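Here is the structure we will look at.
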Amino acid sequence: MVDAFKRSRKYDVKLFIADKQGNPFNLKMAESHAVIPDLDVEKIYEFAKKHKEEIDFGIVGPEKPIINGLRDIIENKLEIPMICPVKEYAIEGSKVAQRRLFQEVVPEVNPRFKVFDPKDYDDMEPLKREVYAWLDELNNQVAVKPDKPAAGKGVGVWGDHFTTREELFQHFLANFEHGPVIIEEKLEGEESSFQAFCDGKHLVALPETRDYKRAFEGDKGPNTGGMGAYKDKEDILPFMTHADKEREKEIVNKIFRHLCKNGENNGLRGMPFYVAFIHTKEGPKILENNSRPGDPEIINILPLLKDDFVDVCFKILDGTLTNIALEKKASVVIYKVPPNYGGFSTTFPEKVKTEEVGKPVDLSQAYKLSEKYGENIHVYPASMEQRNGEVYALRSRAVCVVGIADTIETARKISLEGINAIKGGALWYRKDIALSNHIRRSIMHMEKLRKG
Ligand code: GLY
């Protein structure tokens with residue numbers, strides 16, 4: 001988003017950035033920069049207050065400040081309009097509320113689910129009996145999800161994170177200690193990410209992207225924030241049909257209209273619907289929804305904006321956003337991450353360049369590739385910190401490179417060239433992001449499912 005603003009040709013944009021750390025990219029771009037490691041909304045409010053007179057509007061990337069009501073605080077106390085949903089629509093704040101909403105509005109695309117609430121159980125025996133009875137009904141093919149984001153052990157899936165009921169129950173209990181837990185039907189299919197900007201009256205769907213959630217090649221290892229993502233030249237992915245996309249828009253619009261009540265609701269401003277869909281033999285179904293842009297998925301899209309991002313934001317605030325013009329290009333985002341991320345260093349200790357761990361990362365050669373590729377390559381530091389003139393990777397996804405081209409294959413090559421030009425810090429990446437074999441497997445999988 002910072003880059004999209006800075007590429008504005010119409011406006012002299014000044015950015016006031018509240019950041020988790022001294023991100024080198026944001027430091028360079030910001031008029032004023034505040035490090036707020038926990039993204040505490042009161043601290044962000046204090047930062048905004050200092051610059052109140054200079055700020056036209058605010059925009060939010062991560063979910064935590066949205067869930068904690070940043071928009072409500074800033075708009076009520078400072079009257080700075082914000083582009084993100086109000087706290088009430090921070091839909092990822094409760095997976096249980098989310099499932100219940102979908103059950104009311106679009107039950108046909110909601111997986112079968114049951115909520116187990118600690119309030120309803122005093123003893124272990126009846127709890128275990130009811131969990132096992134539900135597993136009987138779903139033939140063990142389930143996903144276990146805590147109500148609150150990142151509570152306990154997080155999401156666990158049968159066949160991936162556990163293969164026995166006892167293991168599943170242990171995973172379940174580790175979440176149940178923290179609050180309600182959902183056990184829902186595990187669906188077979190191919191995943192895609194749907195994102196739409198919203199001005200409270202209109203939903204403008206963006207092209208579909210495919211995220212790679214698992215840490216290791218071949219979709220193995222633990223779930224991560226997303227190791228990379230691809231977008232095709234068209235609005236759909238190679239394994240989707242145009243009818244799938246239309247159906248997704250229909251589903252999301254139904255939820256939007258339901259929440260709008262009287263036809264409009266500017267509480268939903270921003271990106272209230274970043275929906276993870278799974279394409280099954282019965283069409284798209286909803287895995288989950290967030291009220292923020294997807295990371296990395298939004299990074300596939302924003303570099304392709306033909307419209308000025310500032311104008312897009314003004315239209316969101318005015319309620320006049322009916323269209324967003326994008327280049328018709330494929331894009332591939334690959335993240336480079338530190339050795340501990342996703343459990344890499346314990347799973348593959350032999351692959352870690354130990355002499356480089358904790359050392360500075362050199363991005364200069366990657367940046368230099370823009371001399372060769374122009375606007376078709378972008379290097380975005382993420383969980384990185386600038387210290388004493390050097391750049392260091394922190395604990396999360398460190399830096400991504402976006403490649404842009406007419407085909408996914410060429411976009412991938414550009415992204416990889418950038419990734420390989422980043423040196424130091426013992427960073428690693430998934431080598432099969434947007435690989436043609438991986439995409440072909442998705443296409444074949446969907447063909448098989450559709451044939452039944
Ligand atoms: N790509 C996953 C997420 O943004 O939650």
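The values are calculated or read from the model by the stated rules, or taken from the named source; none is laboratory data. All of these numbers come straight from a predicted model, not from anything done at the bench. Because the Cβ atoms are built from the backbone with ideal geometry, glycine has one as well, and the counts that use them run over all protein chains shown. Only protein heavy atoms, including side chains, enter the accessible area calculation; ligands, DNA and RNA are left aside. Shrake-Rupley method; radii C 1.70, N 1.55, O 1.52, S 1.80 Å.
Here is how the numbers come out for the structure above:
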read-out: Environment charge of residue 397, counting only residues whose C-beta is closer than 14 Å and scoring Lys/Arg +1, Asp/Glu -1; value: +2
read-out: Within the range 30-70, chymotrypsin sites (Phe, Trp or Tyr not before Pro) in DSSP loop having at most 12 other beta-carbon neighbours inside 10 Å; value: none
read-out: Whole-Å semi-axes of the ellipsoid equivalent to the range 243-390 (Cα gyration tensor, √5λ, descending); value: 36, 22, 16
read-out: For peptides 257-269, 348-360, sequence by mean Cβ density within 10 Å, most packed first; value: 257-269, 348-360
read-out: Stokes-Einstein diffusion coefficient of the range 1-59, Kirkwood radius over Cα pairs, 4 °C, 1.567 mPa s, in µm²/s; value: 108 µm²/s
read-out: P(r), alpha carbons of the range 368-415 - 5 Å bins starting at zero, rounded %; value: 5, 20, 22, 17, 16, 12, 5, 1, 0
read-out: Cut-off 14 Å, label 7 Å out along Cα→Cβ of residue 431, residues of the range 323-351 by amide N; value: 351
read-out: For the chain, diffusion coefficient by Stokes-Einstein and Kirkwood Rh (Cα), 20 °C, 1.002 mPa s, µm²/s; value: 93 µm²/s
read-out: C-alpha center-to-center spacing [the range 162-183, the range 213-257] in angstrom; value: 27 Å
read-out: Within-9-Å neighbourhood charge of residue 200 [Cβ basis; K, R +1; D, E -1]; value: 0
read-out: Calculated over the range 259-323: convex hull of Cα atoms, volume per residue (Å³); value: 133 Å³
read-out: Using alpha carbons only: equivalent-ellipsoid semi-axes of the range 204-254, gyration tensor based, whole Å; value: 25, 12, 10
read-out: Rg/Rh for the range 170-268, where both radii come from Cα atoms and Rh is the Kirkwood radius; value: 1.05
read-out: Cut-off 11 Å between beta-carbons: net charge of the residues surrounding residue 279, Lys and Arg +1, Asp and Glu -1; value: -1
read-out: For the range 314-390, alpha-carbon Rg over 2.2 N^0.38 Å; value: 1.63
read-out: Net lengthening on full extension, residue 157/residue 119 (0.36 nm per residue, minus Cα-Cα); value: 11.3 nm
read-out: Expected-Rg normalisation [2.2 N^0.38 Å, Cα atoms] applied to the range 211-319; value: 1.20
read-out: Euclidean distance between Cα centres, the range 72-130 to the range 373-434, Å; value: 34 Å
read-out: Approximate shape of the range 162-219 as ellipsoid semi-axes (Cα gyration tensor, √5λ), whole Å, largest first; value: 32, 19, 10
read-out: Per-peptide average of other Cβ atoms within 10 Å, ordering 183-195, 116-128 highest first; value: 183-195, 116-128
read-out: Surface per residue (accessible, 1.4 Å probe) for the range 370-412, Å²; value: 49 Å²
read-out: For the chain, calculated [θ]222 nm from helices alone, where every DSSP H run of n ≥ 4 adds -39500 (n - 2.57); value: -9500 deg cm²/dmol
read-out: Packing rank of 286-295, 129-138, where each peptide gets the mean count of other beta carbons within 10 Å, highest leading; value: 286-295, 129-138
read-out: Relative compactness, the range 74-203, computed as alpha-carbon Rg over 2.2 N^0.38 Å; value: 1.25
read-out: Contact order normalised by residue count of the chain, Cα under 8 Å, 6+ apart, percent; value: 16 percent
read-out: Whole-number Å³ per residue for the convex hull built on Cα positions in the range 348-452; value: 133 Å³
read-out: Cα shape, the range 98-174, gyration tensor, a/c 1.5 rule; value: rounded
read-out: 22 Å Cα-Cα threshold exceeded, pairs from 368/423; 87/213; 52/201; 245/328; 145/220; 245/285; value: 87/213; 52/201
read-out: Rh (Kirkwood; distinct C-alpha pairs) - the range 30-117, Å; value: 14.9 Å
read-out: Karplus-derived 3J(HN,Hα), 6.51/-1.76/1.60, for each residue of the range 416-427, Hz, glycine and proline x; value: 5, 4, x, 4, 6, 7, 7, 10, x, x, 6, 6
read-out: Rounded to 5, percent antiparallel among DSSP beta bridges of the range 158-298; value: 95 percent
read-out: Net length gained if the chain between residue 7 and residue 134 were fully extended (0.36 nm per residue, minus Cα distance); value: 40.5 nm
